[in-house]
1. What distance in nm separates the simple spin-label points at A:GLN27 and B:ILE323, each placed 7 Å from Cα in the Cβ direction?
2. Sort B:TRP76, B:TRP347, B:TRP168 by heavy-atom solvent-accessible area, probe 1.4 angstrom, most to least.
3. Per residue, what volume in Å³ does the convex hull of the Cα atoms of the stretch A:31-136 enclose?
4. Say R0 is 60 Å: what FRET efficiency, to the nearest 0.05, do B:MET150 and B:VAL293 get from their beta-carbon distance?
5. How do B:95-107, A:43-55 rank on mean C-beta neighbours within 10 Å, highest first?
6. Calculate the radius of gyration of the Cα atoms of chain A to one decimal place, then report Dmax, the largest Cα-Cα distance, as a whole number, both in Å.
7. Roughly how many debye, to the nearest 20, is the charge dipole of the protein assembly as shown about its Cα centre, given +1 on each Lys and Arg Cβ, -1 on each Asp and Glu Cβ, and no other charges?
8. Eigenvalues of the Cα gyration tensor times 5, then square-rooted: what semi-axes does that give for the protein assembly as shown, in whole angstrom, largest first?
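The values are calculated or read from the model by the stated rules, or taken from the named source; none is laboratory data. None of these values were measured; they are calculated from a predicted model. With ideal geometry, Cβ positions are generated from the backbone for all residues, glycine too; neighbour counts draw on all protein chains shown. For the accessible areas, the whole protein counts, side chains as well, though only heavy atoms, and no ligand, DNA or RNA atoms are used. Shrake-Rupley method; radii C 1.70, N 1.55, O 1.52, S 1.80 Å.
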Amino acid sequence: MNDVAVSVESLTRTFGSFIAVDHVSFQVRRGEVFGFLGPNGAGKSTTIRMLCGLLSPTSGNATVGGIDVASDPDAVKATIGYMSQRFSLYEDLTVEQNIRFYGGIYGLEGHRLAERKTWAVRMAGLAGKERELTGSLSGGWKQRLALGCAILHEPPILFLDEPTGGVDPVSRREFWDLIYQLSNAGTTVFVTTHYMDEAEHCNTIGFIYAGKLVAIGSPTELKQHMGAGATYEVACERPLDAVDLFQRLPWAAETSIFGSHCHVTLTSAAEGPDLIRKTLAEAGMALHRLESITPSLEDVFIHLISEEDKRLTRTEAS
Amino acid sequence: MTILPIVRKEFRQIRRDKRALGILIFLPGFLLILVGYALNFDVKHVGVAVLDEDRTPESRRLAEGLTNSEYLEYTWSIRDRSEVDAVLDGAQARVVLIIPRGFSHTLLSGSTATVQVLVDGSNPNSASISAAYMLIGIRDYSSRILTEWMDRRGMEIALPVDIRPRLWFNPELKTAKFLVPGVFGLILLLSTVISTSLSVVREKELGTMEQLKTSPLHAYEIIIGKALPYVGIALVAATIILLMGWGLFDVTVRGSLLLLYGAILLFLLAGLGQGLLISAVAQTQQVAFFLSVFSSLLPTFLLSGFVFPLKSMPWLLQGIGAILPTKYFLIIVRSIILKDVGFWPLWPEFLALGLFTLATVTISSIRLHRDLSS
């Protein structure tokens with residue numbers, strides 16, 4: 001129990017007849033980076049809002065830091081830090097004034113506030129810019145300042161809702177370094193994102209689709225879950241036509257286009273490469289290269305989504 | 001105190017935004033000058049054209065006696081009846097006095113002489129006042145003629161009834177005295193409603209409201225913290241208006257200042273409630289601004305008794321007026337400033353203001369709470 005930071009059981013939230021979050025259950029271990037993934041509208045934000053005490057669940061249970069979110073949302077708010085993609089800073093205040101304000105509403109005062117302010121300024125790389133207006137900072141700086149403001153009170157659990165939206169790759173990299181530092185220091189980080197490379201950085205990934213949690217595990221586990229079938233990268237003539245062709249064949253579990261190549265996942269590993277070669281030869285398309293690869297997380301999620309879609313269509317049909 | 005950081009932050013933001021600060025502090029004074037000087041219902045210096053067909057000392061005495069005041073002014077002499085229409089049409093005069101031939105002869109022979117007064121009725125308000133000035137002047141003239149006539153025959157006569165009306169509270173009947181308290185209400189309401197609704201909706205737009213909601217602050221702490229600075233500024237603006245009303249329009253507070261500021265504070269809270277209600281509905285600052293102006297400026301101007309008396313309006317409009325906080329505030333403020341009325345005669349109005357505040361704040365907190373859980 002003690003090493004569980006967030007525990008969610010059968011959590012459900014409906015808006016009228018629409019089920020935004022549908023009986024979702026998972027646990028987040030203390031000190032880990034938990035990535036919460038899914039397409040827009042899948043229920044990511046609704047879940048995170050319930051966990052932060054902003055929205056009450058329709059049914060089910062969720063505890064954050066051992067506190068029940070439905071019965072004591074105020075106590076939850078005191079134990080967490082929250083940062084959204086909008087960075088939520090006052091652009092007409094200076095860096096220092098923003099830090100003072102956010103420190104103040106979490107009850108930091110005097111010596112402690114001064115100490116945390118120095119820490120946040122250094123962490124965000126804003127030394128010497130304390131008196132600049134926040135509105136004049138670039139995206140990466142605003143993002144790091146917003147993170148600093150969200151963790152001034154040193155919360156044991158940190159929620160980040162798409163924290164890297166609209167920020168350049170270098171700043172994103174630096175931001176993830178900060179997240180690792182926090183995680184190493186024992187902070188539990190719950191992060192939503194739709195960048196696949198960011199998902200690879202997480203200890204555990206939960207994948208939500210149409211309100212349901214369809215997969216959970218470490219990135220490696222999720223890739224293995226792709227089944228016994230191997231994934232191949234196929235470089236050939238007219239890749240778009242080739243994808244069309246493969247999609248109609250029963251032995252190709254998953255086909256998608258990646259740049260100028262196709263990725264093909266087979267239902268069983270045996271004879272795989274031969275089948276691909278034969279199909280292309282019969283269609284008269286030249287094969288340039290065929291290589292066995294580890295599926296990327298993107299392959300995994302495309303696979304999961306299509307599986308889920310098939311299942312949904314079946315349920316509707318029956 | 002957890003609201004302190006919010007108060008400090010809000011003050012910093014207002015101070016940074018020079019334009020908003022200017023609007024909050026100086027617009028009230030500007031509006032007061034504008035309304036105080038422009039909205040003037042005093043009817044003075046009414047132009048009178050005289051067609052004197054009699055041309056006798058008596059007829060001249062009537063015409064000069066009538067127009068020898070700041071209310072009526074001899075502006076035009078007409079020689080012929082055919083010119084009368086042209087004078088009224090051309091607005092050289094708003095009143096025409098026609099003294100017919102034989103006026104003096106009839107008067108001196110002891111019979112009743114007649115004169116004709118034509119009044120331009122296109123502005124009913126000033127027309128009826130001008131007609132009343134003429135009536136009083138002519139009646140005055142005629143009673144003087146009567147006493148002189150009696151005198152010459154050695155008879156003592158006293159006028160049966162001598163009316164001496166005396167106006168209390170606003171003896172010079174100056175419109176400004178009546179309007180300053182109204183401007184006061186209008187401006188305070190407008191600036192509180194606009195600033196409250198905009199400052200809340202701006203945080204919604206920025207996403208900082210969500211950040212505040214994930215903090216341990218309660219909704220009421222956020223609201224009180226945000227509202228306090230604006231209430232403070234509105235009190236400063238109120239003091240400026242009172243001082244300007246005293247300096248420019250000679251409006252002194254006759255009643256208790258303490259009671260007056262109590263009423264102002266209660267009224268500001270009512271405006272705050274209205275602003276919060278708007279911010280619960282509006283999602284953008286533009287919508288909030290429009291709703292604020294629309295819901296405070298127009299009804300206050302038209303339906304609260306600010307300019308036009310409520311009693312002569314259809315019952316539906318009176319009903320709308322009855323739910324406006326300004327209506328009650330105006331009654332309170334006019335009573336305190338002009339008449340030195342104490343609390344007890346005014347308690348129903350205080351109660352109405354209190355109820356309005358309670359209702360709007362309650363509805364908007366329910367809205368805010370529902371926002372959190374839906």
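1. Reported label-point gap for A:GLN27 and B:ILE323 is 5.5 nm.
2. Working: B:TRP76 100, B:TRP347 125, B:TRP168 190 Å².
My answer, sorted largest first, is B:TRP168, B:TRP347, B:TRP76.
3. Details: hull volume 16.0 nm³, N = 106.
Taking the convex hull of the Cα positions in the stretch A:31-136, it is 151 Å³ per residue.
4. On the way: r = 65 Å, r/R0 = 1.08.
E(calc), rounded to 0.05, equals 0.40.
5. Working: B:95-107: 19.0, A:43-55: 23.6.
Result, highest mean Cβ count within 10 Å first: A:43-55, B:95-107.
6. My reading of the Cα-based Rg and Dmax gives 23.0, 77 Å.
7. Numbers: 62 positive and 68 negative charges, 417 e Å.
With only Lys, Arg, Asp and Glu charged at Cβ, the dipole is about 2000 debye.
8. Working: eigenvalues 1351, 178, 92 Å².
The answer is 82, 30, 21 Å, longest axis first.
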